[in-house]
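Participant: Once you've had a glance at the structure underneath, I'll fire off some questions.
The values are calculated or read from the model by the stated rules, or taken from the named source; none is laboratory data. This structure is a prediction, so every number in the text was calculated from the model and none was measured. Positions of Cβ are generated from backbone atoms using ideal geometry, with glycine treated the same way; all protein chains shown enter the neighbour counts. To get the accessible areas, we keep the full protein, side chains included, count just its heavy atoms, and leave off ligands, DNA and RNA. Shrake-Rupley method; radii C 1.70, N 1.55, O 1.52, S 1.80 Å.
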Amino acid sequence: MDNKKQEQLNTFRTDNLGQTLTTNQGLKMAEDEFSLKAGDRGPTLMEDFHFREKITHFDHERIPERVVHARGFGAHGELQLYKSMGEFTKAKFLQDPAVKTPVFVRFSTVVGFRGSSDTVRDVRGFATKFYTEEGVYDLVNNNMGVFFIQDAIKFPDIIHANKPEPHNEIPQATAAHDTFWDFIANNQETAHQVMWIMSDRGIPRSFRMMEGFSINTFRFINEEVKSHFVRFHWKPMLGVHSLVWDEAQKISGKDPDFHRRDLFDAIEQGNFPEWELGVQLIKEEDEFNFSFDILDPTKVWPEEEIPVNIIGKMTLNRNVDNFFAETEQVAFHPGHLVPGIDFSNDPLLQGRLFSYTDTQLIRLGGPNFHEIPINKPIVPVHNNQRDGYHRQMINLGKVSYHKNSLANDTPAPIPAAEGGYEHYHEKVEGQKVRARSESFNDHFSQAVMFWNSMSGPEREHIISAFSFEVGKVKDKNVRQQVVEMFSNVSVELATKIAANLGVNPPQNQTEPNSTKVSPALSQENTIKKLDTLKIAVILADGFQGGIIETLDFLRSKKLNIEIISDQLGMVKGSDNRELEVQHTFLTASSVLFDGVLAVGGSNLNLKFDQDATNFVKEAFMHYKPIGAIYEGEKWLQENNMTSGIGVVVNSNNDQFTDQFINSVSTHRHWDRVIY
Ligand code: HDE
């Protein structure tokens, strides 16, 4: 059964199938192939209203893309609570575990244009719209726990530095260029977020395998008007997983839509992505009891110190019907609140509260974007706001002001006790200053904690990421500045990247003496599941028929099995049973899969051998699980890969299938020696 939001959207959904073609005025047309001309070789006539309407509409199809987070992908779903949060907040949608709240989520990259690739190294947006019985609530998160800057006034600066350079609009969708790193080295509050983005978190395997962090501190307010500070978290049920950099770059060419395809396919297959909603809570009276300022968006609240209280689960269960109508026109705003949730004085959050509405005005063309179906609340809207471009609502009556007597002084506000939104009565006093609190001055302790918390392979990946990104910086002085800056995080890190960057080792040779770690920051111990991992099975004609049962068994473990061969069509097994080929070596690549099962067949030729060998070799380089059986073994033997960690070969091993599943359940074999 459709939820209230879907019921509402049903009234806007239109199906052209089987219908007669009309103009936008509803006029049925007899012809849609030829413009109206004076003679069949003559000029087109001005009176051809059908031509004019069709072309005009086409000419105006584009709207400005988002200034940041331009490339995104959305889906519908629902949130259901595990328990009531009534003790902390009066927000109605956080009270009753029996209620399912409709949601719409949009994931995004930040810096690339709308047509850029999904797998670039970047922060990911994770914005959720809750259609609650008290109006729309937006939780506009990112997939990293902190942000680059501490004050919103610097947002245009960081984004200008990160975007393609203005003189030549190069490079696309990457921070690997001079202006970004020049900004970083000269704005050291960025250190912590840079560590996150240089880590594996910058190249997620899937939107379904990312966390979401509110970063900014909000408030929960309960019925007794008691306030707690709160930060929100999404925890993916599939764990937090990433690509490797070489793979991410290759996917950018092979399938720039890798992440959106992954989400779309999972939902179409009924493998609905799920995240648990968590909250970290701090009592108002404990505001100053931490070694960091809890309002500082460049700091995490370490999860070991302030546990994430898991309160419910979100399931995405429906793809959009129309990308533009829904995903492109959805308008999020961290200021869309419901009673029981309020802001903190985090100066980044405060600035965001201005920006989001402002940007929708130009992007969506006026002040009525809340009436666009995807943005419409599921509760009635009544106020004295009127008119403006594209107004849909037909307000009755002559009164559009408050106070009035002609309409009994309605629409009327209602007191907080009856559900009216009232801001928390926080006491504020101070002098007007352009300044930043001294409590925001420590830029490195948590960057050090992040580095300390990484596993060996994660550290190696960070060193490689810095070496790549800063290696693209042409200005040697900027490269040197970056090395000096990150010696405050780790002299070892700075020294290793200095060597790769052709600059001097850092002047600072004193390692930070903090040994503080937060295990929650490392992906090493995340949940690892088989569900929906994609396994490429390389088959040729004459394959050993028994493999069909093995594949069925792998499917029963929820693995997605796809067959690769040299041609599309069917491959025939030794027992004459056939399997359909999904991809050829031309249309697929190992980088699009989580693991490989090399099977082969009796009918191999040199070209097949070469293609299959390259496929397996690349998977090997990317630490992926590999199984080899029957003729498939030779592709590994000839390249000395059979003894690699995570490689399972048959060689009459009756445990083969179990061992292969074990290898796949590890996801990546970081301790494999790559040569
Ligand atoms: Fe945003 N951000 N942001 N941001 N942001 C936008 O609003 C802004 C920040 C985030 O899928 C814009 O509708 C400022 C933090 C997401 O439609 C814009 C500052 C976090 C999305 C804007 C920040 C975010 C946006 C552009 C610094 C994570 C995509 C289009 C003070 C907690 C939403 C739009 C979508 C989008 C401003 C920082 C998350 C320009 C001024 C921190 C997920 O208004």
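Participant: Answer with yes or no whether GLU224 is of a type in the set (D, E, K, R), open to solvent by 10 Å² or more (accessible area, probe 1.4 Å), within 27 Å of VAL99 (Cα to Cα) and at pLDDT 95 or above.
Facilitator: yes
Participant: So, in the stretch 358-398, of the ones that are without any contact (Cβ under 8 Å) to a residue 12 or more places away in the chain and either farther than 23 Å from PHE104 by Cα or assigned to a loop (DSSP other than H, G, I, E, B) (or both), which residue ends up most open to solvent (accessible area, probe 1.4 Å)?
Facilitator: Ranking the qualifying residues of the stretch 358-398, first place goes to LYS398.
Participant: Among ALA30, ALA70, ALA91, which is within 16 Å of the ligand (Cβ to nearest atom) and modelled with pLDDT of 95 or more?
Facilitator: ALA70
Participant: Go through (1) open to solvent by less than 10 Å² (accessible area, probe 1.4 Å); (2) more than 16 Å from the ligand (Cβ to nearest atom) one by one and return the number of the condition VAL240 breaks.
Facilitator: The failed condition is (1).
Participant: Another question, if that's okay. Give the residues of the stretch 342-357 that are in a helix (DSSP H, G or I) and either more than 13 Å from the ligand (Cβ to nearest atom) or among the hydroxyl-bearing types (Ser, Thr, Tyr) (or both), sorted by residue number.
Facilitator: SER355, TYR356, THR357
Participant: Can you tell me which residue among PHE12, PHE34 is assigned to a loop (DSSP other than H, G, I, E, B) and touching a residue at least 24 places away in the same chain (Cβ under 8 Å)?
Facilitator: Result: PHE12 is the single residue among PHE12, PHE34 that is assigned to a loop (DSSP other than H, G, I, E, B) and touching a residue at least 24 places away in the same chain (Cβ under 8 Å).
Participant: Which residues, counting only those in the stretch 272-290, are under 18 Å from the mean Cα position of the chain (by Cα) and either on the phi > 0 side of the Ramachandran plot or surrounded by fewer than 19 Cβ atoms within 10 Å (Cβ to Cβ) (or both)?
Facilitator: Residues satisfying the conditions are PHE272, GLU274, GLU276.
Participant: What number of residues within the stretch 326-341 satisfy the criterion of being open to solvent by less than 10 Å² (accessible area, probe 1.4 Å) and either of a type outside the set (A, V, I, L, M) or within 7 Å of the ligand (Cβ to nearest atom) (or both)?
Facilitator: Going through the stretch 326-341 one residue at a time, the tally reaches 6.
Participant: Within the stretch 310-318, identify whether any single residue is within 16 Å of the ligand (Cβ to nearest atom) and either part of a loop (DSSP other than H, G, I, E, B) or within 23 Å of the chain's Cα centre (by Cα) (or both), and answer yes or no.
Facilitator: Checked against the condition, which is being within 16 Å of the ligand (Cβ to nearest atom) and either part of a loop (DSSP other than H, G, I, E, B) or within 23 Å of the chain's Cα centre (by Cα) (or both), the stretch 310-318 yields at least one hit.
Participant: Sticking with this one: Filter the strands (runs of 3 or more DSSP E) completely within the stretch 570-663 down to those with at least 2 residues that are open to solvent by 40 Å² or more (accessible area, probe 1.4 Å).
Facilitator: In the stretch 570-663, the matching strands (runs of 3 or more DSSP E) lie at 578-581.
Participant: Continuing with this model, one more query. Would you say ILE221 is on the phi < 0 side of the Ramachandran plot and touching a Pro at 6+ places or on another chain (Cβ under 9 Å)?
Facilitator: It is true that ILE221 is on the phi < 0 side of the Ramachandran plot and touching a Pro at 6+ places or on another chain (Cβ under 9 Å).
Participant: Testing ALA417 on (1) over 37 Å from the mean Cα position of the chain (by Cα); (2) not in a helix (DSSP H, G or I), one condition comes back false. Which one is that?
Facilitator: Exception for ALA417: condition (2).
Participant: Name the residue that is farthest from PHE468 (Cα to Cα), counting only residues in the stretch 487-512 that are over 34 Å from the mean Cα position of the chain (by Cα) and buried (at least 19 other Cβ atoms within 10 Å of the Cβ).
Facilitator: Ranking the candidates gives PRO506 first.
The rows are residues; the columns are (1) out of contact with any Cys (no Cβ under 7 Å at 6 or more places or on another chain); (2) open to solvent by 10 Å² or more (accessible area, probe 1.4 Å); (3) outside any strand (DSSP E or B); (4) near the ligand (Cβ under 8 Å from one of its atoms).
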residue	(1), (2), (3), (4)
TYR137	yes, no, no, no
VAL140	yes, yes, no, yes
MET144	yes, no, yes, no
PHE147	yes, yes, yes, yes
GLN150	yes, no, yes, no
PHE155	yes, yes, yes, yes
ILE158	yes, no, yes, no
HIS167	yes, yes, yes, no
ALA173	yes, no, yes, no
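Participant: Criterion first (within 16 Å of the ligand (Cβ to nearest atom), part of a strand (DSSP E or B) and farther than 21 Å from ILE527 by Cβ) does VAL279 satisfy it?
Facilitator: no
Participant: Confirm whether ILE203 is of a type in the set (A, V, I, L, M), more than 9 Å from the ligand (Cβ to nearest atom) and open to solvent by less than 10 Å² (accessible area, probe 1.4 Å).
Facilitator: yes
Participant: Could you give every pair whose Cβ atoms fall below 6 Å, whose first residue belongs to the stretch 538-549 and is within 19 Å of ALA612 (Cβ to Cβ) and part of a loop (DSSP other than H, G, I, E, B), and whose second residue is among the hydrophobic types (A, V, I, L, M, F, W, C) and open to solvent by 10 Å² or more (accessible area, probe 1.4 Å), counting only separations of at least 6 or pairs across chains?
Facilitator: ALA540/LEU604
Participant: For the stretch 58-101, give me the residue count where each residue is open to solvent by less than 10 Å² (accessible area, probe 1.4 Å), among the aliphatic types (A, V, I, L, M) and part of a loop (DSSP other than H, G, I, E, B).
Facilitator: Result for the stretch 58-101: 3.
Participant: Now, a different point. List, please: which pairs have Cβ atoms under 8 Å, are six or more places apart or on different chains, and start with a residue in the stretch 93-115 that is closer than 16 Å to PHE126 by Cα and hydrophobic (A, V, I, L, M, F, W, C) and end with one that is away from the ligand (no atom under 13 Å from the Cβ) and not in a strand (DSSP E or B)?
Facilitator: So the pair list comes out as PHE104/LYS5; PHE107/HIS259; PHE107/LEU263; VAL111/VAL120; VAL111/ALA173; VAL111/THR174; VAL111/ALA175.
Participant: Let me spell it out: the conditions are (1) outside any helix (DSSP H, G or I); (2) without any contact (Cβ under 8 Å) to a residue 40 or more places away in the chain; (3) aliphatic (A, V, I, L, M), and ILE55 meets all of them except one. Which number is the exception?
Facilitator: Going through the list (1) outside any helix (DSSP H, G or I); (2) without any contact (Cβ under 8 Å) to a residue 40 or more places away in the chain; (3) aliphatic (A, V, I, L, M), ILE55 breaks only (1).
Participant: Can you tell me which residues in the stretch 291-307 are touching a strand residue (DSSP E or B) at 6+ places or on another chain (Cβ under 8 Å) and away from the ligand (no atom under 16 Å from the Cβ)?
Facilitator: Within the stretch 291-307, GLU303, ILE306, PRO307 qualify.
Participant: Is one or more of the residues making up the stretch 216-223 among the aliphatic types (A, V, I, L, M), within 16 Å of the ligand (Cβ to nearest atom) and either touching a residue at least 40 places away in the same chain (Cβ under 8 Å) or outside any strand (DSSP E or B) (or both)?
Facilitator: no
Here is a yes/no grid of residues against (1) in contact with a helix residue (DSSP H, G or I) (Cβ under 7 Å, 6 or more places away or on another chain); (2) of a type outside the set (Lys, Arg):
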residue: THR550; (1), (2): yes, yes
residue: ARG555; (1), (2): no, no
residue: ASN560; (1), (2): no, yes
residue: LEU586; (1), (2): no, yes
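Participant: Moving on to the next point. Go through (1) within 16 Å of the ligand (Cβ to nearest atom); (2) open to solvent by 20 Å² or more (accessible area, probe 1.4 Å); (3) in a strand (DSSP E or B) and name the single condition PHE104 misses.
Facilitator: Condition (2) is where PHE104 drops out.
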